[in-house]
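Read through the structure below, which is laid out as structure tokens, and then see the notes.
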Amino acid sequence: MLEFTVLSAVLVLFKAAFAGEDLDRKVGADVISTMLSGLLRTTSPTDPVLLKVYEIAKELNAADYRQAMSGGHRYLAEARLGTGIRPEKLQLARAQLVDAASAAARMDVPMLIANAEFAVAKCDALLAAPLDAAMALDRAAAALEQAIEALDDSGATYRLRMLREAKSAQDGSVSNWLTRAADRDLIRQRDLDNLVKAADDLQSELLELTALYSEVQTAALAADGAAQPVLWAPPEGQSVQTGLDAKAVTTATADAPVRGFGLTLQVQQQRIARDAAGGLTVALALKLTVHDERLLHCRVMASPTARPAAPGAGLRGLTGILAPLNPPGATSVLVPPGSHQRVLTLPVEGGAVDAVKIRISRPTGLGRQASTGGCILIPVSA
């Protein structure tokens with residue numbers, strides 16, 4: 001799990017950079033040192049986050065990438081020596097990291113692309129070049145979103161379940177065992193162990209992708225003056241082996257914005273009330289900035305320990321001011337690019353609620369859609 005202190009340092013640096021502040025004077029040498037250490041970690045070819053990527057890319061010609069990253073790493077280490085030489089060393093480091101990003105793009109390995117682009121963005125922030133940093137962050141985010149969406153977690157879960165069921169049927173019947181053995185189709189424990197290892201590798205890769213994605217999106221939020229980091233992670237208590245209901249989940253709390261998978265969302269108000277027909281309804285006043293057209297699938301969740309919802313003030317205070325996000329009764333809504341302040345209303349089934357889950361998909365044309373793997377969880381006070 002990514003340390004919250006790392007996200008906080010990323011937030012402070014990029015917030016200061018996008019505000020045009022003098023980093024040494026306004027942010028302080030301690031934060032600069034922290035961020036340079038973070039750059040050294042991010043660009044190091046021995047970083048644990050990159051081990052899986054290097055394993056995947058070992059058959060590719062990665063020499064250019066490793067050489068450029070090593071050069072950037074060297075200049076960044078020298079930049080820590082003092083403020084007088086820092087701008088010059090950061091410029092040299094940035095040039096090397098841009099070369100690394102280009103090499104990663106040629107290899108088409110998303111994690112390497114994102115790692116290099118994020119390092120470039122940090123250099124730009126330290127050099128007080130926020131527009132350049134924003135473009136590098138966009139490139140890093142796009143690469144990570146592509147990798148998260150393409151991760152075949154559901155396929156791995158299905159194959160693992162099918163193999164377990166087949167092995168159980170084989171081992172439970174002598175005739176099944178003999179038939180498979182005669183067909184040279186005997187399922188051995190090592191077959192299952194190999195598939196379990198593949199699922200665990202996918203889980204590790206997802207953790208690495210979401211950890212870096214959290215840093216990138218925290219930095220992007222800083223452009224709008226956000227005061228809190230955003231943490232994306234696989235669903236708590238779930239794994240590729242047991243089946244994931246989403247690949248990356250973040251929780252929107254209080255009025256802090258969350259960003260990722262094509263949108264920024266902020267919960268401004270929430271209410272539980274009765275609608276005109278007397279049914280319980282959750283109403284969320286949302287501030288949405290949609291960067292790319294997105295399809296949102298929304299539903300009310302109630303855990304086994306959820307308390308019965310207690311209706312409070314009526315909905316008119318929200319719906320009378322803000323336009324609805326979804327038609328009455330609809331749980332899916334297509335949201336175009338732009339800024340929106342709307343009210344999401346969802347029926348409460350069973351009388352209990354403790355969260356609203358919003359899954360994020362992207363339209364692919366001809367009425368089709370693809371799940372981004374991203375999901376926003378909004379706790380609801382009953």
List the number of the failed condition for residue 237; all other conditions in (1) of a type in the set (Gly, Ala, Ser); (2) over 30 Å from residue 160 (Cα atoms); (3) open to solvent by 50 Å² or more (accessible area, probe 1.4 Å); (4) free of Cβ contacts under 8 Å to residues at least 24 places away in the same chain hold. (2)
Kindly establish whether residue 134 is in a helix (DSSP H, G or I), open to solvent by 10 Å² or more (accessible area, probe 1.4 Å), under 30 Å from residue 202 (Cβ atoms) and hydrophobic (A, V, I, L, M, F, W, C). no
Residue pairs, Cβ under 6 Å, 6 or more apart or interchain, first in the range 364-382 and touching a residue at least 60 places away in the same chain (Cβ under 8 Å) and open to solvent by less than 40 Å² (accessible area, probe 1.4 Å), second assigned to a loop (DSSP other than H, G, I, E, B) and among the aromatic types (Phe, Trp, Tyr). List them. 372/261; 374/261
Do we find a residue being touching a residue at least 60 places away in the same chain (Cβ under 8 Å), of a type outside the set (S, T, N, Q) and more than 23 Å from residue 276 (Cβ to Cβ) anywhere in the range 332-343? yes
From the set of residues in the range 250-288 that are β-branched (Val, Ile, Thr) and open to solvent by 30 Å² or more (accessible area, probe 1.4 Å), which is nearest to residue 163 (Cα to Cα)? 251
May I ask you to say which residue of 231, 144 is in a loop (DSSP other than H, G, I, E, B) and under 12 Å from the mean Cα position of the chain (by Cα)? 231
For the range 339-363, give me each residue that is over 21 Å from residue 307 (Cα atoms) and open to solvent by 30 Å² or more (accessible area, probe 1.4 Å). 339, 341, 342, 359, 362, 363
Checking residue 261 against (1) more than 26 Å from residue 5 (Cα to Cα); (2) touching a helix residue (DSSP H, G or I) at 6+ places or on another chain (Cβ under 8 Å), the condition it does not meet: (1)
Given (1) under 28 Å from residue 371 (Cβ atoms); (2) touching a residue at least 24 places away in the same chain (Cβ under 8 Å), identify the lone condition not met by residue 126. (1)
Index of the failed condition, residue 77 passing every other in (1) open to solvent by less than 60 Å² (accessible area, probe 1.4 Å); (2) in contact with a helix residue (DSSP H, G or I) (Cβ under 7 Å, 6 or more places away or on another chain); (3) at pLDDT 85 or above: (3)
Checked the range 84-110 for anything in contact with an Asp or Glu (Cβ under 6 Å, 6 or more places away or on another chain) and in contact (Cβ under 8 Å) with a residue 40 or more places away in the chain; matches are 103
Odd one out for residue 83, checked against (1) open to solvent by 70 Å² or more (accessible area, probe 1.4 Å); (2) modelled with pLDDT of 80 or more; (3) closer than 24 Å to residue 219 by Cα; (4) touching a helix residue (DSSP H, G or I) at 6+ places or on another chain (Cβ under 8 Å): (2)
Of everything in the range 144-155, what is over 16 Å from residue 203 (Cβ atoms) and open to solvent by 10 Å² or more (accessible area, probe 1.4 Å)? Give them in sequence order. 145, 146, 149
What about residue 184, is it at pLDDT 95 or above and open to solvent by 50 Å² or more (accessible area, probe 1.4 Å)? no
Return the residues of the range 90-111 that are assigned to a helix (DSSP H, G or I) and either in contact with a strand residue (DSSP E or B) (Cβ under 9 Å, 6 or more places away or on another chain) or open to solvent by 40 Å² or more (accessible area, probe 1.4 Å) (or both); say none if nothing qualifies. 91, 92, 94, 95, 96, 98, 99, 102, 105, 106
When you look at residue 209, is it open to solvent by less than 10 Å² (accessible area, probe 1.4 Å), modelled with pLDDT of 90 or more and within 29 Å of residue 135 (Cα to Cα), yes or no? yes
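The values are calculated or read from the model by the stated rules, or taken from the named source; none is laboratory data. Treat the numbers as computed from the prediction; the structure is a model and nothing was measured. Because the Cβ atoms are built from the backbone with ideal geometry, glycine has one as well, and the counts that use them run over all protein chains shown. For the accessible areas, the whole protein counts, side chains as well, though only heavy atoms, and no ligand, DNA or RNA atoms are used. Shrake-Rupley method; radii C 1.70, N 1.55, O 1.52, S 1.80 Å.
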